[in-house]
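Undergrad: Provided herewith is a single structure, encoded as C-alpha cells, for subsequent inquiry.
The values are calculated or read from the model by the stated rules, or taken from the named source; none is laboratory data. What you see is a predicted model; the values in this text were computed from it and never measured. Cβ sites come from the backbone with ideal geometry, for glycine too, and all protein chains shown count toward neighbours. Side chains included, ligands, DNA and RNA excluded: accessible areas come from the protein's heavy atoms. Shrake-Rupley method; radii C 1.70, N 1.55, O 1.52, S 1.80 Å.
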Amino acid sequence: MNLHQLRFVREAVRQNYNLTDAAKALFTSQPGVSKAIIELEDELGVDIFTRHGKRIRGLTEPGRLVLGSVELIMQEIDSLKRIGKEYAAQDSGSFTIATTHTQARYILPKVVQAFMLKFPKVRLSLLQGNPRQIAEMVKGDQADLAIATESIAGIDGLITLPCYQWEHAVVVAPDHPLLKSKAVSLEEIASYPLITYDTAFAGRNKIDHAFGLRGLKPDVLLEAIDADVIKTYVELGMGIGIIAGMAFDPERDKNLRAIPVGHLFGMNVSRVAVKQGAYLRSYIYTFIELLAPALNRKMVESAMSGAKETYEL
C-alpha cells in the first residue's frame, strides 16, 4: 500500500469514476491508475469499485468505508505538507510573543525593530498579561515564547533561560527630600505614601519581603500593572513610586528623578520561556539572541534537549 494508490482512489471518485480524467488530473497514465487500484484491492482483499467490464461504475459497500479512510489519510498528508512548507520558509511566517507591559514598553522596542529589519516577512504579534498568564499562553500554544521576571521560572512544561538583570528604582519629584539622602533606607521609603506594582508584577514579592524582614508596613496608596501609571501618580504628588529601573527614561521623565535601590530589594532577572518540546523556527532563535546575546542557538537547543542549564547572569 502506498500514497499513490490512495491518491488514485480519491481522484477516481472525484472524476466521477472516469479513470482517463483521473489520470489527466494526476499527470499520469490511465493504465497506471487502473493497475494501482487493482493492486490495492488485492492487498485489502475487497473490491473498492463496482465494474462493468473494465470500466468502474461506483463504490462497493466496503469501498465506501475505504474511501472514508482514504480521505482522512490524505487530509493529514495535506496538513503535513502545509506544516513543512511553513517551517521550510524560515524567513517568513508568524511569531507571537507574550510578555508584560514593562518588557513590551521598555525592553522590546529596539529588539523588535532590529528583528523586523532582519525578517520583514514575519508577522509579529505581542500579547500582554501578568507572568502567570503569559506562561499559560506559551503552554497553550497561543504564543511562541514569553518574557518576564523570575516568576515564570520553574513552571512545569516550560524551558526558561535568563536574559538580563535589573534593579528597582524609587521615583520622586525633582525637589523631594529623598534625593538628599546618601543611601536611601527602607525606613525612609516607608515614611511616604507608596505607589508601586500589583503583586503579580515586576518583583513586587521582593519589595514586600524586604519591608517584612524589617518589620515595616509601608502605606501602599496605589497598585498598578505598569510603570507609566505609577509615574503619572507620582507626578501628581500622591506619593513616591517604586518601579523597574529600566522603566525610567531621563529624557521622557523630565519631571521625575530616579534613585536606584538594588541595595534594598536585590537584583531581578528577566527570563525568556519556550514550551518544552516545541519546534522553534530559525528566526525565533535569532530573536532570542537579539534579546540576550549570550543566548545563542546552541545554548537554547541544549536547554531544550534537557541538558542542565549552566548559563547564569
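Undergrad: Which condition breaks for Leu178 when tested against (1) touching a residue at least 40 places away in the same chain (Cβ under 8 Å); (2) in a loop (DSSP other than H, G, I, E, B); (3) more than 26 Å from Gln133 (Cβ to Cβ)?
TA: (2)
Residues checked against (1) closer than 19 Å to Leu158 by Cβ; (2) touching a Cys at 6+ places or on another chain (Cβ under 6 Å); (3) modelled with pLDDT of 95 or more:
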site	(1), (2), (3)
Ala247	no, no, no
Pro250	no, no, no
Arg257	no, no, yes
Ser270	yes, yes, no
Leu280	yes, no, no
Ile284	yes, no, no
Ile288	yes, no, yes
Val300	yes, no, no
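Undergrad: Another one. If Ala200 passes every condition in (1) touching a strand residue (DSSP E or B) at 6+ places or on another chain (Cβ under 8 Å); (2) buried (at least 16 other Cβ atoms within 10 Å of the Cβ); (3) assigned to a loop (DSSP other than H, G, I, E, B) but one, which one does it miss?
TA: Among (1) touching a strand residue (DSSP E or B) at 6+ places or on another chain (Cβ under 8 Å); (2) buried (at least 16 other Cβ atoms within 10 Å of the Cβ); (3) assigned to a loop (DSSP other than H, G, I, E, B), Ala200 violates only (1).
Undergrad: In this structure, is Gly239 closer than 23 Å to Val184 by Cβ and either surrounded by fewer than 18 Cβ atoms within 10 Å (Cβ to Cβ) or assigned by the TED database to the domain that holds Pro131 (or both)?
TA: On the way: closer than 23 Å to Val184 by Cβ: yes; either surrounded by fewer than 18 Cβ atoms within 10 Å (Cβ to Cβ) or assigned by the TED database to the domain that holds Pro131 (or both): no.
Taking the combined requirement at face value, the residue does not satisfy it.
Undergrad: A further question on this structure: Looking at region 50-145, what helices (runs of 4 or more DSSP H) fall wholly within it and have at least 3 residues that are of a type in the set (Gly, Ala, Ser) and open to solvent by less than 40 Å² (accessible area, probe 1.4 Å)?
TA: Working: elements: 61-88, 108-118, 131-139.
Fully inside region 50-145 and qualifying: 61-88.
Undergrad: Taking the conditions exactly as written (crowded, with 17+ Cβ neighbours inside 10 Å and touching a helix residue (DSSP H, G or I) at 6+ places or on another chain (Cβ under 6 Å)), does Tyr192 satisfy them or not? Let's see the steps before the verdict.
TA: Details: crowded, with 17+ Cβ neighbours inside 10 Å: yes; touching a helix residue (DSSP H, G or I) at 6+ places or on another chain (Cβ under 6 Å): no.
Judged against the criteria, Tyr192 is not a match.
Undergrad: I'm trying to understand the selection: among the residues of region 231-280, which are under 30 Å from Ser302 (Cα atoms) and small (Gly, Ala, Ser)? I'd like the intermediate steps shown before the answer.
TA: We begin by selecting, within region 231-280, every residue under 30 Å from Ser302 (Cα atoms); these are 246, 266-280.
Those that are under 30 Å from Ser302 (Cα atoms) and small (Gly, Ala, Ser): Gly266, Ser270, Ala273, Gly277, Ala278.
Undergrad: Taking region 1-46 only, how many residues are basic (Lys, Arg) and in contact (Cβ under 8 Å) with a residue 60 or more places away in the chain?
TA: Taking region 1-46 first, the residues basic (Lys, Arg) are 7, 10, 14, 24, 35.
Checking the rest, the ones that are also in contact (Cβ under 8 Å) with a residue 60 or more places away in the chain come to 7, 10.
Number of matching residues: 2.
Undergrad: Filter region 246-260 for residues that are touching a residue at least 60 places away in the same chain (Cβ under 8 Å), open to solvent by 30 Å² or more (accessible area, probe 1.4 Å) and not charged (D, E, K, R); which is farthest from His168 (Cα to Cα)?
TA: Going through the qualifying residues, I end up with Asn255.
Undergrad: OK, next. Limited to region 1-40, what total is found for residues that are open to solvent by 20 Å² or more (accessible area, probe 1.4 Å), of a type outside the set (Ser, Thr, Tyr), closer than 20 Å to Leu72 by Cα and over 45 Å from the mean Cα position of the chain (by Cα)?
TA: Count: 1.
Undergrad: Now, a different point. For region 154-166, which positions are surrounded by fewer than 18 Cβ atoms within 10 Å (Cβ to Cβ) and more than 15 Å from the chain's Cα centre (by Cα)?
TA: Gly154, Asp156, Tyr164, Gln165
Undergrad: What tally of residues in region 29-48 results from selecting those that are closer than 19 Å to Leu3 by Cβ and either assigned to a loop (DSSP other than H, G, I, E, B) or of a type in the set (A, V, I, L, M, F, W, C) (or both)?
TA: 8
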